[in-house]
Amino acid sequence: MLTEKLTWRYATKAMDASKKVSREKLDAILEAINLAPTSSGLQPFEVLVISNDEVRAKIREVAWNQAQVTDSSYLLVFAAWDNYTAERIDAVINQTHEERGTPLDVLNAYYDNLKAMYLPRDAEVNYAHAARQAYIAFGIGLTAAAFEEVDATPMEGFDADKVDEILGLRAKGLRSVTLMPIGYRAQSGDWLQGAKKVRKPMAELVTEIA
């Protein structure tokens, strides 16, 4: 059951660098991320999969020296569009037309309204919106990792500007949002392993309005 997998997962603090996630499991996680829902189907983000030791060492230096960055099998960096542009939206229109066969006049009728809403907005507002879409996919990625019994750590503790610089993201119109190292939990040295999962009682989390 999905809830059993989510109960099994936790924000792994220590990973066993000698155990490697298979390419098959990595691809399954990435495919799930690709299938995540996003606003208007724009998918305004990219995922960088980093296994290069030198690059990961540099990122660890600007990520509070968190060992998972280098001890994991792969480091996934979720990077959102820095802004919405007509060209980026047109690329979605054209792909949808090619793959679904939806007439361009139908697609343009919808996406022209979207452009009229998004394009005049401040770039920071648009980046924040794109980052929220990246977080949806990020959550799906964490869930997919749990389903594959791969450990993952959600990370916001890093200097985003410096990660952007290390990876050359700004030149690509991207900004880093969050990190997800994936690998396998170490058998020792992790204070959180085996700890009871603490969550709100359902009565405090959920309000039903009938």
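Since every read-out is calculated from the coordinates, none of them should be taken as a lab result. In this text the structure is predicted, and so the values were computed from the model without any measurement. Because the Cβ atoms are built from the backbone with ideal geometry, glycine has one as well, and the counts that use them run over all protein chains shown.
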* Please tell me if ALA186 is out of contact with any helix residue (DSSP H, G or I) (no Cβ under 9 Å at 6 or more places or on another chain) and either buried (at least 16 other Cβ atoms within 10 Å of the Cβ) or free of Cβ contacts under 8 Å to residues at least 12 places away in the same chain (or both). => no
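Do you know which of the residues in the range 148-164 that are among the acidic types (Asp, Glu) and surrounded by 14 or more Cβ atoms within 10 Å (Cβ to Cβ) is farthest from VAL77 (Cα to Cα)?
Here is the first cut: in the range 148-164, the ones among the acidic types (Asp, Glu) are 148-149, 151, 156, 159, 161, 164.
Filter once more, keeping what is surrounded by 14 or more Cβ atoms within 10 Å (Cβ to Cβ): 148, 151, 159, 164.
On the way: GLU148: 19, ASP151: 16, ASP159: 13, ASP164: 10 Å.
Checked the range 148-164; the qualifying residue farthest from VAL77 (Cα to Cα) is GLU148.
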* **Any helices (runs of 4 or more DSSP H) falling wholly within the range 100-210 and containing at least 3 residues that are within 16 Å of ALA80 (Cα to Cα)** => 123-147, 160-167
* **Enumeration of residues in the range 17-44 that are buried (at least 18 other Cβ atoms within 10 Å of the Cβ) and among the β-branched types (Val, Ile, Thr)** => VAL21, ILE29, ILE33
* Structure fact -> Only one of (1) under 22 Å from ALA160 (Cβ atoms); (2) part of a helix (DSSP H, G or I) does not apply to LEU75, and that is (2)
* Asked: Quick check: anything in the range 142-157 free of Cβ contacts under 8 Å to residues at least 60 places away in the same chain and small (Gly, Ala, Ser)?
  -> no
